[in-house]
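The values are calculated or read from the model by the stated rules, or taken from the named source; none is laboratory data. What you see is a predicted model, and the numbers here were worked out from it, not measured in a lab. Because the Cβ atoms are built from the backbone with ideal geometry, glycine has one as well, and the counts that use them run over all protein chains shown.
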Amino acid sequence: MPEFSYHAVDASGHATRGVMAAENEMALEHRLREVGYWLIDARSGARKHTSGRGRVSRAELVEFLYGMASLLTAGVTAADALRAMVEETENESFRVALEDIELNLNAGSTIHDAISKHPHIFNTQARHLINAGEYSGNLATAFRDLAEHIEWTQKLLADVKQATLYPAMILTGVFGLIALMVTFVVPRFAAIFEDLDMDLPVLTRGVIALGEWAQSFGWIVALVLIAAGFAVRFAYRNIDEARLLIDGLWLQVPVFGPLNRMLVLSRFAHNMSLMIAAGIPILQALALCRGVVGNRVMESAIRAAETAVNDGHRVSEALREHQIISPMVLRMLTVGEETGRLDEALAHAARRFDEDIPRRIQAAFAVLEPAIMMTLIGIVGLIGGAVFLPMFSLMSGLSH
């Protein structure tokens with residue numbers, strides 16, 4: 001059935017825009033009239049992103065999901081719950097989207113179909129979880145589980161940002177200081193030493209040569225590095241083989257590789273647990289998880305597991321051959337399959353990751369911060385020594 005981008009108004013003069021499926025424009029007008037709206041304008045084949053370009057934050061989405069869960073648990077119908085959330089939403093873009101969802105719901109669409117018209121707000125995982133909750137009759141639970149998962153993701157991102165802020169500031173200072181000393185300070189002293197016709201130490205000659213090279217070719221190196229960064233980013237986004245290679249290399253990086261592996265496995269455990277608990281079949285849950293784990297190596301492992309499960313094998317058997325899967329996750333998968341409580345076993349694994357990942361992040365940056373400081377001290381000491389050694393020699397010669 002085709003979809004139309006519509007502009008309609010109700011009896012009080014309140015205008016709304018959105019997307020609705022209908023056989024033709026007359027059928028669209030009839031559907032809107034049934035829910036108290038008069039069609040002003042309609043266009044066929046419209047974009048799904050119709051609720052404006054305004055950003056909807058994770059906090060606003062979580063607040064909406066928790067609100068819907070509470071209202072549905074209290075016995076309020078989905079349409080009435082949506083109406084209440086529309087009235088409480090301050091974000092104009094989000095309110096327009098929710099009005100469109102409410103209107104589609106009143107016109108006979110399912111919640112899943114209604115929210116699917118706004119993928120910029122409700123991603124694939126959210127849409128499928130809500131669809132599963134609607135299908136199984138556990139819509140309130142689906143909203144609450146999704147809110148908790150987004151909150152966990154938000155907290156994890158906040159922890160990572162907080163942990164990386166100080167090292168990033170130090171690294172910026174390190175590179176800024178090196179650039180200043182090599183391109184400005186050292187050349188000034190080099191000119192003085194040249195005028196004095198001094199016999200310079202090897203260290204000083206090396207640093208001066210580095211400064212001259214940086215002044216001549218530093219901009220070329222900077223351009224090459226920037227171009228390489230864009231090339232890697234383009235390849236990662238557009239070439240499957242490049243993304244697989246980069247993701248695999250990222251898993252091998254000392255300190256951060258094991259942490260990245262835990263993050264990938266955590267996403268897998270969280271999402272599989274939520275989807276299985278919501279009643280999504282195992283094959284479909286695996287296919288959905290493949291799109292949210294964020295690592296092509298893990299995606300390949302899940303794709304292989306899909307094939308194996310389709311052939312009658314267990315998930316634990318299929319994933320056992322892949323090194324990215326940790327022994328703890330394999331044990332939880334095996335226990336879950338043996339007991340018939342795979343969602344609970346994966347939820348236990350997810351909780352373990354929730355506890356371990358913040359500690360690993362703190363431990364990683366506890367090692368990184370002193371390493372950066374020692375590097376900074378070493379570089380400053382090296383350049384300082386190169387500058388002051390000839391001066392000490394000069395002063396020593398003058399004293400004699």
- Message: Would you confirm whether or not segment 195-206 contains a residue that is at pLDDT below 75, of a type in the set (A, V, I, L, M), surrounded by 15 or more Cβ atoms within 10 Å (Cβ to Cβ) and in a helix (DSSP H, G or I)?
- Response: no
- Task: Report, by residue number, each residue of segment 51-100 that is under 23 Å from the mean Cα position of the chain (by Cα) and basic (Lys, Arg).
- Result: 53, 55, 58
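Condition check ((1) at pLDDT 70 or above; (2) more than 24 Å from residue 87 (Cβ to Cβ); (3) outside the structural domain of residue 117 (by TED's automatic domain parsing); (4) surrounded by fewer than 18 Cβ atoms within 10 Å (Cβ to Cβ)) across all residues:
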site: 7; (1), (2), (3), (4): yes, no, no, yes
site: 13; (1), (2), (3), (4): no, no, no, yes
site: 23; (1), (2), (3), (4): yes, yes, no, yes
site: 27; (1), (2), (3), (4): yes, yes, no, yes
site: 33; (1), (2), (3), (4): yes, no, no, yes
site: 36; (1), (2), (3), (4): yes, no, no, yes
site: 41; (1), (2), (3), (4): yes, yes, no, yes
- Return only the number of the condition from (1) under 23 Å from the mean Cα position of the chain (by Cα); (2) farther than 30 Å from residue 185 by Cβ that residue 229 does not satisfy. (2)
- Task: May I ask you to say which residue of 205, 243 is without any contact (Cβ under 8 Å) to a residue 60 or more places away in the chain, outside the structural domain of residue 61 (by TED's automatic domain parsing) and within 19 Å of the chain's Cα centre (by Cα)?
- Result: 243
- Task: For residue 296, state whether it is under 15 Å from the mean Cα position of the chain (by Cα) and over 20 Å from residue 335 (Cβ atoms).
- Result: yes
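Please verify whether segment 272-290 includes one or more residues that are assigned by TED's automatic domain parsing to the domain that holds residue 167, within 30 Å of residue 362 (Cβ to Cβ) and either of a type in the set (Asp, Glu) or modelled with pLDDT of 85 or more (or both). Don't jump to the end; show me each part of the working.
Taking segment 272-290 as the starting set, the residues that turn out to be assigned by TED's automatic domain parsing to the domain that holds residue 167 are 272-290.
If we keep only those that are within 30 Å of residue 362 (Cβ to Cβ) as well, we get 272-274, 289.
Adding the requirement that they be either of a type in the set (Asp, Glu) or modelled with pLDDT of 85 or more (or both) leaves 272-273.
Yes, that holds for at least one residue.
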- Residue selected from segment 139-181 under the condition within 30 Å of residue 79 (Cβ to Cβ) and aliphatic (A, V, I, L, M), by the criterion surrounded by the most Cβ atoms within 10 Å (Cβ to Cβ): 142
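Only one residue in 121, 111 is surrounded by 22 or more Cβ atoms within 10 Å (Cβ to Cβ), closer than 28 Å to residue 2 by Cα and not basic (Lys, Arg), so which one is that? Steps first, please.
Values: 121 fails: surrounded by 22 or more Cβ atoms within 10 Å (Cβ to Cβ).
Just one listed residue meets the conditions, 111.
Is it the case that segment 127-138 has a residue that's of a type in the set (Phe, Trp, Tyr) and out of contact with any Leu (no Cβ under 9 Å at 6 or more places or on another chain)?
Within segment 127-138, the first condition is being of a type in the set (Phe, Trp, Tyr), and the residues that meet it are 135.
Still in the running and out of contact with any Leu (no Cβ under 9 Å at 6 or more places or on another chain): 135.
Looking for residues that are of a type in the set (Phe, Trp, Tyr) and out of contact with any Leu (no Cβ under 9 Å at 6 or more places or on another chain), one finds at least one in segment 127-138, hence yes.
Results for (1) basic (Lys, Arg); (2) surrounded by 12 or more Cβ atoms within 10 Å (Cβ to Cβ); (3) in a helix (DSSP H, G or I); (4) modelled with pLDDT under 85, shown as yes or no for each residue.
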position: 218; (1), (2), (3), (4): no, yes, yes, yes
position: 234; (1), (2), (3), (4): no, no, yes, no
position: 237; (1), (2), (3), (4): yes, no, yes, yes
position: 245; (1), (2), (3), (4): no, yes, yes, no
- Scanning segment 96-146 residue by residue, the ones that are among the hydroxyl-bearing types (Ser, Thr, Tyr) and more than 17 Å from residue 274 (Cβ to Cβ) total 3
- Restricting attention to segment 316-340, and to residues there that are among the polar types (S, T, N, Q) and without any contact (Cβ under 8 Å) to a residue 24 or more places away in the chain, which single residue is surrounded by the most Cβ atoms within 10 Å (Cβ to Cβ)? 316
